[in-house]
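Okay, structure first, notes after.
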Amino acid sequence: MLGEQEAIVVEVKPWDVHGVSHVDITLVYPDRSVETARLGRESAPDDLTAGEHVLVMKAMNVVVEVRRPS
């Protein structure tokens, strides 16, 4: 099951493991539910900041990408 939801970024925490960049992104949805996604840097904009409105792509109810709306 694939889907897309609007959300607002609450927090962005970049981190590295053995030189590979990742990011933990905390999101709040319109229904006020909160979720934290752990993604590779290729799955989110490099300059993402708290307060931004984003589109969250999900597969099987797991966040696979966060992007800015077009």
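The mean accessible area for residues of segment 1-64, using a 1.4 Å probe and ignoring ligands and nucleic acids, is 66 Å² per residue.
To put it simply, the accessible area of the chain at a 1.4 Å probe is 54 percent carbon and sulfur. With K and R counted +1 and D and E -1, the other residues having a Cβ less than 12 Å from that of LEU55 yield a net charge of -1.
The values are calculated or read from the model by the stated rules, or taken from the named source; none is laboratory data. Because the structure is a prediction, the values reported are computed rather than measured. Neighbour counts run over all protein chains shown; Cβ positions are idealised from the backbone, glycine included. Calculation scope for accessible area: heavy atoms of the full protein, side chains included, ligands and nucleic acids excluded. Shrake-Rupley method; radii C 1.70, N 1.55, O 1.52, S 1.80 Å.
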